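K.L.:
First the structure, which I've put down as structure tokens, then a few questions once you've had a look.
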Amino acid sequence: MGALDALDVILGSAGDIANFAIGYAGWRLARARSGNRGARTLTFGSTTVDISHLEPEQLADLLRRLEAGDANDDAVHS
């Protein structure tokens with residue numbers, strides 16, 4: 001492999017990396033501007049609940065309570 005071939009490989013890879021970085025940054029900006037924070041509903045067993053209005057702390061508390069309730073239900077059925 002000559003020096004020009006090595007330079008071509010390096011520059012070609014650099015272009016691919018730069019294109020990926022620009023695409024990724026654009027995707028992140030688009031997601032940040034959309035206000036989409038993730039799932040809109042939570043399904044637990046046969047119940048589906050709208051969670052789009054919850055703040056992250058409220059959602060974490062809800063999930064902890066559901067998990068604790070599920071663990072208690074398992075203990076009762078054992």
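K.L.:
Name the long-range amide H neighbours of Ile51: under 5 Å, sequence gap of 5 or more, or other chain; modelled H, no Pro or chain starts.
P.N.:
Thr41, Leu42
K.L.:
Ordering Arg31, Arg65 from largest to smallest accessible area (1.4 angstrom probe), what's the sequence?
P.N.:
So the residues, ranked largest to smallest area, are Arg65, Arg31.
The values are calculated or read from the model by the stated rules, or taken from the named source; none is laboratory data. Model, not experiment: these values are computed from the prediction. Please note that ligands, DNA and RNA were not included when accessible areas were found on the heavy atoms of the full protein model with its side chains. Shrake-Rupley method; radii C 1.70, N 1.55, O 1.52, S 1.80 Å.
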